Every structure is written in structure tokens, then in C-alpha cells.
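For reference, the structure is listed below as C-alpha cells.
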2 protein chains.
Amino acid sequence: MLLNPYGMVYVLRLGHRLGRDKRVTTHVGLVARAFGANGFILEGCDESVLGSLRKVLSVWGGDMVVECCSSGMEVVRSWKDAGGEVIHLTMYGLPLDDVIDAIRVSPKPKLVIVGARRVEWFYYENSDYNVAVGNQPHSEVSALALFLDRLFRGRWAYIRFGGAKLRVIPSSRGKVVVRVGGPREGSDEGSRGFHKGSG
Amino acid sequence: MLLNPYGMVYVLRLGHRLGRDKRVTTHVGLVARAFGANGFILEGCDESVLGSLRKVLSVWGGDMVVECCSSGMEVVRSWKDAGGEVIHLTMYGLPLDDVIDAIRVSPKPKLVIVGARRVEWFYYENSDYNVAVGNQPHSEVSALALFLDRLFRGRWAYIRFGGAKLRVIPSSRGKVVVRVGGPREGSDEGSRGFHKGSG
């Protein structure tokens, strides 16, 4: 993947509540993939979320690892024991612009933590960086997107997702989707279809 | 507000389904506020979402207008009749980087549309721009955040939200919240509290 020179980046989603958080957590996982993370770990093995993400990977490609765990704290401890660094996104942390260069230049594998509601004190104490994407309440979905955007300097826009079955051809006023590897791939004469929008 | 020189920006959230989309739609509204939009219009008057947003405005400040409507199409027609322009965020659209400069230099009031599931063809046809924040599926929450970030060139980070009751003091390893206008405002000796994280 194009973003590899910056080192491995995993996202850990904490505090997912079955049912209630399904959609937001799925969006967090989709952002991880679309903005170039190498892996997504969900605390709590919600198969409806994991299945949605795997389905997107199968259709739209990419090789992001999708896993779940029973304890985010154990993931953090193992990550640090293995020489990685931990970045916790929180509205109480230091401004993104102030710390992103230091984070970017470090060659250590990065674990980026996004919480749901209340995040245990452990994560504040054991993260190498507590980073705020603005000190205002918004969303873990947008916080992760902005963090990865700055980390990768916008290069997520140029990722080519390997193994995709479908690909969008950008269009000023339509929905043009081509089947990859088919006889007409890469042409806007390819198989057009009306596909659900993502907003 | 600091971002005013760029002109008025409203966000229109389409296709909200009561209950099911409550959390994601609330996150869209919070992103609109945190990233500098002047107004948020929800198609479908879900008081649980509108109430959550108004509560955030009352506590954390800002003057974003929060409204609802019964028909997004009517909002679009009125917006255009009044001389404004309409930008629809969709994964099928033109790359953000290719169109954002043209959008930014236009002094017209901007209506930014974010959909939920399927978006009616009307919006593709009647938008001045169909814009993709990447042609991959992710989230309307992240799409809106990235769009506003690029539109405002990252200046959302410097917005001072007027009328705030609480303000976060950025912290490397804690949660420091001060009560605005109290005797200790602006000092990290201010009223410290443990407040819910936003992830």
C-alpha cells in the first residue's frame, strides 16, 4: 500500500456497545480502511460490525486486517511491549497540529485509539500521545478521519485498493461504477450501475 | 465567527430515519458545528437529535442555527432561488481536491448536502457540485469533516465559540475543563472536572 513508508497504523475501537453503537462503529472501521489504516481492532466481538467491514473489503478491496479483542487494555500493553506507540484521540488532548509532525516522523508502529462514551483513565495514562482533533465535541468518526488525513498528508486520496471487485469512476453528475477486471474496466463505457450512496 | 470571510455555509442532512440514524445524524450536526458551519438543517424533525445539538450549543457555545424541514428538495429549491449554490457530498462525485478551490472562491452561500442511505436523483441533478471525499465507502460524518476542513483550510481549529459555559484546556494526559466567565477562567487552576470523552 502506498502509505507504507509511514509505518504500520492500526485503529483500536473501545467501548463498543452491541446494537447501540453498531452504525457509528462500522463508520469508524470504514474510515480506518478508506483513510489508509492497516488494521482495525474492535473491543467486543460484534459480528454484525465485523461482517459489514469484511463485506466492504471483499467488494471494494484493500488488505486492512479486521480483528476483535476482549480487552483493549491488553492490546495496548502488547503493542507497547512490542515496541509500538499508542495515540489516543480525545477532545481533552493536545492540538493535532502541535503533535502530528512528531508522531509522523516516528517509525514505530502506531495504535490509534478511539473511544465510544467514557474512556477509562488507563488509556490516558498509557498512551504516548493524547491528541485532540479540536477541543470541541464532535465524533470519533471525524476525529479519526482528520487524524489519518494529517498523518498521511492527504495521500489516502491516492490509495489503490487491491482486489476490488467494484470501482467508482468519479463523475460530475452520476453514479458510475465499473466491475474491476471485467472486459471494460477503466472505461466509462463499463458496467454502469446505480449503487447506494455513502453520503 | 472567524470563518465568515468565506461566506455562509449550511449543512442539510437528508434521509434521517427516526431512531435508527439518531447517533450518526447527531454526529453530522456536531461536525457541522465544530468545523465551522453556520447552520444545520435536518430533513425530518427528530427532536432527540435537535435537542442534543441545542444542548451542545448551550454548553459549548457557538451560534450555529439548528433547524428542521419536511422536504430537503424544497430547501434546495429555495437556496438556489436565493442565489446560493448547492454541494452534494457523494462517493460517486468528483474528487474533493479537484473542485474545492472553485467552491472556496465563490462568494455564494453554500448548502452542503449529506445523505443517509439512498439519495434521490434530484440531488445529483440539482447540485452545482457532486463532490467525493474519496471514492470509497466511509461515512457522511467523515466526508463532511474533510470537506469543511478543506473549505476552511483547517481554520476550524481556531474558532472561538461565543457564549460557551465550558471550555477545554488542552492537556497531554488529563481532562481539564474550565467554566467560562468564572473567577478562574483561562487558568489551569480553573475548575477541573472529569467530563465525558468524545473519543
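Yes or no: region A:39-58 includes at least one residue that is outside any loop (DSSP other than H, G, I, E, B), more than 22 Å from B:Val24 (Cα to Cα), open to solvent by 30 Å² or more (accessible area, probe 1.4 Å) and away from every other protein chain (no Cβ under 14 Å).
The answer is no; no qualifying residue exists.
Going by the structure shown, is B:Ile113 in contact (Cβ under 8 Å) with a residue 60 or more places away in the chain, facing chain A (nearest Cβ under 9 Å), closer than 23 Å to A:Ile169 by Cβ and not basic (Lys, Arg)?
yes
Any residue that is basic (Lys, Arg), at pLDDT below 95 and not assigned by TED's automatic domain parsing to the domain that holds A:Val11 - is there at least one of those in region A:185-194?
yes
For A:Gly62, only one of the following conditions fails: (1) touching a residue at least 40 places away in the same chain (Cβ under 8 Å); (2) surrounded by 18 or more Cβ atoms within 10 Å (Cβ to Cβ); (3) not in a loop (DSSP other than H, G, I, E, B). What is its number?
Looking at each condition in turn, A:Gly62 falls short on (3).
Can you pull out the residues in region B:117-129 that are touching a helix residue (DSSP H, G or I) at 6+ places or on another chain (Cβ under 6 Å) and not aromatic (Phe, Trp, Tyr)? Steps first, answer last, please.
First, the residues of region B:117-129 that are touching a helix residue (DSSP H, G or I) at 6+ places or on another chain (Cβ under 6 Å): B:122, B:126, B:129.
B:Asn126, the sole residue that qualifies.
Take the residues of region B:117-131 that are crowded, with 23+ Cβ neighbours inside 10 Å and of a type in the set (A, V, I, L, M, F, W, C): which is nearest to the other protein chains (Cβ to nearest Cβ)?
Filtering first and then ranking leaves B:Val119.
Scan region A:66-116 residue by residue and report those that are touching a helix residue (DSSP H, G or I) at 6+ places or on another chain (Cβ under 7 Å), open to solvent by 10 Å² or more (accessible area, probe 1.4 Å), assigned to a strand (DSSP E or B) and within 30 Å of A:Ser52 (Cα to Cα).
A:Val66, A:Cys68, A:Cys69, listed by residue number.
Determine whether A:Ser172 is free of Cβ contacts under 8 Å to residues at least 40 places away in the same chain, of a type in the set (S, T, N, Q) and open to solvent by 40 Å² or more (accessible area, probe 1.4 Å).
Yes, satisfied.
The values are calculated or read from the model by the stated rules, or taken from the named source; none is laboratory data. In this text the structure is predicted, and so the values were computed from the model without any measurement. With ideal geometry, Cβ positions are generated from the backbone for all residues, glycine too; neighbour counts draw on all protein chains shown. Areas reflect the complete protein model, heavy atoms only, side chains present, ligands, DNA and RNA absent. Shrake-Rupley method; radii C 1.70, N 1.55, O 1.52, S 1.80 Å.
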